[in-house]
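The structure appears right after this line, and notes come after that.
Every read-out reported here was derived from the displayed coordinates using simple, explicitly stated rules and does not represent laboratory data. Note that the structure is a prediction, hence the values are computed from the model and not measured. Glycine also receives a Cβ, built like all others from the backbone with ideal geometry; neighbour counts cover every protein chain displayed.
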Amino acid sequence: MGQTISEKILSRASGRKGVSPGEIVKANVDILMVNDVTAPPAFEAFEQMGFKKVWDVDKVVVGLDHVVPACDIKSATLNKAVRDFVIKQGIKHFYDVGRGGICHQIMQEKGLVWPGMVLVGADSHTCTSGALGAFCVGVGQSDAAAVLGTGRLWFRVPDTFRFEVEGALKSPVMSKDLILQIIGQVGADGAVYKALEFAGPAFERMSIGERMTVANMSIEASAKTGIVEPDRKVSDYLKTRFNIQVPLVKSDKDAHFEKKWTLDASKVEPKVAVPFRVDNVKNVSEVEGTEVNQAFVGSCTNGRIEDLRMAAKIVDGRKVHERVRFIVAPASMEVYSQALSEGLLSKFIEADAIICGPSCAACPGMSNGILALGEVCISSSNRNFLSRMGHKDSKVYLASPATVAASAVKGKITDPRVFA
Amino acid sequence: MTKIVSKALKMGNDVDTDMIIPARYLMIMDESELASHVFEDMKPEFRKKFETNKIIVAGRNFGCGSSREHAPIALRKAGIKAIIAESYARIFYRNAINQGMIVLEAENVSNLVGDGDDIEVDLNTYEVVDLKKGIALPVREVPKFMTRILEAGGLVNYLRDHKDEW
């Protein structure tokens, strides 16, 4: 019997010949990531556990992204505690304000993740890096502390759902629309404990950034991880940029998949996830005309250069509706810099959008872009839960950067194809 | 023999961690302060109810969404002793065990148990009984190493004393 990508990676990491779904294995972790929300309690737990030194200073990534620059004394104090720990321990991969960006984006941009790795991150969207063919799982602060001290963690080997996607997305339909459609089909609890595997011609056509959007939202179907089958594009990227050469771990032809889905990307329509559930997915046409107060392009889901290019193209030469605040937050300093050199930022500014510094920005509702009572936001982020972006009586509609930009211009939820 | 006996507090499917503790409180490190905000936006009345109903009975995918361990911490500190659900989001499940919170999976539990029913959880066997209805709930077995973490009161205590077993 062949093995899936997850089974192969967990076999290797646990020193076994093969593993089966449902088995619990103890595995060596290749890299650990924590952010400004999870690092302080993880570092505290690490010390309470009686550890003195982190297991490997080269294998720990610390990125500040949720509330940066600090917005109050509380966050400033926690950020400072993180910096102190990083210095004391000699942690190599530290991305402070102005040096990095969203932690998941950093993993890809700094060459910290590659096919076949086990990445553990104290953030639920750690699965984003599955776009590079790694096994990436989110954990909480205690598990992160355990890895910090030992480099090891237990895992239940997941069953796998495989998604074969044919065809090509028809611009301005984006990979966000595809993953929203998939979540709508699978359901918010449809993939509990499962690994998702994405493959097929539609994925081969996507950039790594577009793939990251899909892997990122696997968690919204409650999946354990989401992995895009790695290909030449991934190996070329790693080789050219970081001189990293590793084998591409793919599923065997006779691997067992609990379920297989086949989709045609060319039939995907612009989608919206309607509050307060990410699986409450509709075609944009069904909610078209809903007035919005805020539009947000950014987050680990859609704050990459591809996303900014698409949004800039739509607002180019137009003005954001007078009632709307259009917030754009590049996912990282690198994306920011690239957008600047491509002239995208001036297009946003001319359209009356505001550019925020690289961070999670409005997505988690922690420091900026917070919604007041009764306000509505159309957002390229990943969650539309009750009170996610602010007041409990505010609403977030999730959509692609194209739909967000089109809606920003019109002041109401709008199909981006009207600008195409 | 240690047993937990308390009233059930029923919840639905897909209770997410933003509901349990909104993100604006994630910079709080003090556990009691976190607990004071539990379910604040969705069901503020739960906080008071947790003082008498210390066992949550829920449907599918309890604890979905964000990886914030603040969620089981806030529940524990607000008085919750155990959760019985049909399924859990995996990060919440791990976090709860790591916080010493008893989390059990039982099929159809949200139909079998009524809100306010007296529930008994036997910590030696992880058996669950609805005392009002007089029925034992078939719960999924908890792996031995997880019960060891629970017995220690969470992962911090467990690893402090048992690094050799990790």
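Across peptide A:189-197, how many C-beta atoms of other chains are within 10 Å of each residue C-beta, on average?
Rounded to a whole number, the mean comes out at 3.
Along Cα→Cβ, 7 Å out, is where each label goes; now give me the distance between the ones at A:S341 and B:E45 in nm to one decimal.
5.9 nm
Out of the stretch A:203-268, which trypsin sites (Lys or Arg not before Pro) are coil in DSSP terms and have no more than 11 other C-beta atoms within 10 Å?
A:K253
Let me understand the stretch A:145-216 better: what is its radius of gyration from the alpha carbons, and its Dmax, in angstrom?
Cα radius of gyration and Dmax of the stretch A:145-216 are 15.3, 47 Å respectively.
Tell me which GluC sites (Glu not before Pro) from the stretch B:103-166 have a DSSP coil assignment and no more than 13 other beta carbons within 10 Å of their own.
B:E107, B:E141
Quick one: B:E33, A:E197, fewest Cβ neighbours within 10 Å first, how do they rank?
B:E33, A:E197
Amide H to amide H, which residues 5 or more places from A:V292 or on other chains are under 5 Å from it, using H placed in the peptide plane?
Sorted by chain and number, the residues that satisfy this are A:K412, A:I413.
Run down the lysines and flag those whose C-alpha is under 22 Å from the C-alpha of A:K59, throwing out any fewer than 8 positions away in its chain.
Excluding near neighbours in sequence, the set is A:K8, A:K26, A:K80, A:K88, A:K92, A:K110, A:K224, A:K239, B:K163.
Specify whether the C-alpha gyration tensor of the stretch A:292-420 places it in the rounded, prolate or oblate class, a ≥ b ≥ c being the square roots of the eigenvalues: rounded for a/c under 1.5, otherwise prolate if a/b is larger than b/c and oblate if not.
The shape class here is oblate.
Counting DSSP beta bridges with both partners in the stretch A:272-419, what percentage is antiparallel, nearest 5?
Close to 20 percent.
Quantify how strongly other chains surround peptide B:86-97 by giving the mean number of their Cβ atoms within 10 Å of each of its Cβ atoms.
That works out to 6 on average.
Calculate the mean, over all residues of peptide B:149-161, of how many other protein chain Cβ atoms lie within 10 angstrom of the residue's Cβ.
Counting Cβ atoms of other protein chains within 10 Å of each residue's Cβ and averaging gives 4.
Given a cut-off of 22 Å, name the pairs among A:K194/A:K271; A:K176/A:K260; B:K10/B:K48 whose C-alpha atoms lie farther apart than that in the structure shown.
Going by Cα-Cα distance, A:K194/A:K271 fall outside the 22 Å limit.
Restricting the count to DSSP beta bridges whose residues both fall in chain A, what percent are antiparallel, rounded to a multiple of 5?
Bridges in chain A are about 20 percent antiparallel.
So for the stretch A:272-419, if I pair up every lysine 8 or more residues apart or on another chain, how many of those pairs have alpha-carbons under 15 Å apart?
So the count of such lysine pairs works out to 6.
Kindly put A:C363, A:C103, A:C356 in sequence by how many other C-beta atoms sit within 10 Å of each C-beta, fewest to most.
Taking fewest neighbouring Cβ atoms as first place, the list is A:C356, A:C363, A:C103.
With an 8 Å cut-off on Cα pairs and a minimum separation of 6 or more residues, tell me the relative contact order of the stretch B:3-140 in percent.
This gives 28 percent for the stretch B:3-140.
Can you classify chain B as rounded, prolate or oblate using the Cα gyration tensor, where a ≥ b ≥ c are the square roots of its eigenvalues, rounded means a/c under 1.5, and otherwise it's prolate if a/b beats b/c and oblate if not?
oblate
How many percent of DSSP beta bridges within the stretch B:3-140 run antiparallel, rounded to 5?
Antiparallel bridges: around 50 percent, rounded to the nearest 5.
Rounded, prolate or oblate, given the Cα gyration tensor of chain A, with a/c below 1.5 counting as rounded?
oblate
Would you mind putting A:112-118, A:405-411 in packing order, based on average other-beta-carbon counts within 10 Å, highest first?
A:405-411, A:112-118
Can you list which of the trypsin sites (Lys or Arg not before Pro) found in the stretch A:35-144 are DSSP loop residues with at most 15 other C-beta atoms within 10 Å?
Listed in order of number, the matching sites are A:K52, A:K53, A:K92, A:R99.
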